[in-house]
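The values are calculated or read from the model by the stated rules, or taken from the named source; none is laboratory data. Quantities reported herein were computed from a predicted structural model and do not represent experimental measurements. Cβ placement follows ideal geometry from the backbone for every residue including glycine, while neighbour counts extend to all protein chains displayed.
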Amino acid sequence: MFIFDMAKKTWGDVIREMKIFLWNPETRQCLGRTAQSWGLILLFYLVLYTFLAGMFAFCLYIMLLTLSPYTPTYRDRVAPPGVMMRPYIRNTFNIAFNISQRVTWEPYVENMEHFLQDYNDAIQESKNIVCTPGQYFIQEEESSIKQACQFKRSELLNCSGIDDQTFGFSLGQPCILLKMNRVCFPTEHFVYLITIFKLQKGDESHLHEIKFYPSEAFDPMYFPYYGKRTHVNYTQPVVAVQFTSVSRNHNMNIQCQLNGQGIINDYNNDRFLGRIIFTLNIGE
Ligand SMILES: *[C@@H]1O[C@H](CO)[C@@H](O)[C@H](O)[C@H]1NC(C)=O
Ligand SMILES: *[C@@H]1O[C@H](CO)[C@@H](O)[C@H](O)[C@H]1NC(C)=O
Ligand SMILES: *[C@@H]1O[C@H](CO)[C@@H](O)[C@H](O)[C@H]1NC(C)=O
């Protein structure tokens, strides 16, 4: 009300009215309400919000009851696996080095060595069990801690970094490691995964020979992965790929694909879905 009358009043009047609005000593009202009125309002909102919070907590509780911590609920919607590689340095998938210049390939070697620490034979033997190759390692019991299969780096042979600690880089025959990064996919849709390679834009002839260790497939015994909560010592399988006689001084685009039932590997918007693309350039 006083806002509309402001033009006719002096500033002093306005301030006086304001003060009375804030605290009126005669009627004992604050902001136009008595203490009792304010109390009722606060009580009303307290009860209302307590009730809403309670409702929310209850719904959350009911929803959590229906979820099992050990298996994903929407199994069909789990994305197909993406592919990752090592070495991965300077946030790029470009591998370029000169064989005779150690400094140009040493960072790649260090990156590989660091990644493979978890795969040291002694560590694998102490944490994990020996599984039967070629079949899924299904552990049905819902709540138990899952065992994991050994993946020893010695299985990577010439790409293990054991005999040749430079992973082939010092010989101009570099190794790379491939792994899948979303392996929590459903048992019912299991596929045997094979990596295949193709070069983009017709530089096929420069690749010559490729070797795979331990083989060009991810062994099914490493699946399913039950998630980090129950599958505590799980070791992701890797496939090592060695380029033993690529042409020198050629910038090559190399694509590694997962191949198998239900695998998407040609989705244009995601270069890591079912495949990875990197460049390789080796100089003398
Ligand atoms: C390899 O050597 C060439 C010629 O000396 C040089 O231009 C190039 O930058 C070197 N490559 C790398 C990755 O350092
Ligand atoms: C995981 O590894 C630790 C040793 O690092 C071992 O004591 C434990 O038993 C392992 N857990 C399973 C489920 O294999
Ligand atoms: C591994 O490396 C050694 C020494 O360079 C070579 O003689 C052997 O043929 C390689 N093995 C494979 C499977 O290429």
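Looking at this structure, is I62 surrounded by 10 or more Cβ atoms within 10 Å (Cβ to Cβ), part of a helix (DSSP H, G or I), aliphatic (A, V, I, L, M) and at pLDDT 85 or above? The answer is no for I62.
The residues on offer are E142, E204, E155, E209, and the sole one that is modelled with pLDDT of 70 or more, over 25 Å from the mean Cα position of the chain (by Cα) and either over 19 Å from P87 (Cα atoms) or among the basic types (K, R) (or both) is E209.
State whether the residues of the stretch 261-271 include one that is modelled with pLDDT of 85 or more, more than 16 Å from ligand 3 (Cβ to nearest atom) and not aliphatic (A, V, I, L, M).
Keep residues of the stretch 261-271 that are modelled with pLDDT of 85 or more, which gives none.
The answer is no, given that none of the residues of the stretch 261-271 is modelled with pLDDT of 85 or more, more than 16 Å from ligand 3 (Cβ to nearest atom) and not aliphatic (A, V, I, L, M).
Those residues that are assigned to a loop (DSSP other than H, G, I, E, B) and within 16 Å of ligand 3 (Cβ to nearest atom), I need them from the stretch 99-157; list them, please. Reasoning before the result, please.
Pass one, the stretch 99-157, residues assigned to a loop (DSSP other than H, G, I, E, B): 99-101, 120, 128, 130-148, 150-152.
Of everything in the stretch 99-157, just one residue is assigned to a loop (DSSP other than H, G, I, E, B) and within 16 Å of ligand 3 (Cβ to nearest atom), namely I99.
Out of all the residues in the stretch 217-249, which are buried (at least 18 other Cβ atoms within 10 Å of the Cβ), within 16 Å of ligand 3 (Cβ to nearest atom) and either part of a loop (DSSP other than H, G, I, E, B) or without any contact (Cβ under 8 Å) to a residue 40 or more places away in the chain (or both)? Within the stretch 217-249, V246 is the sole residue that qualifies.
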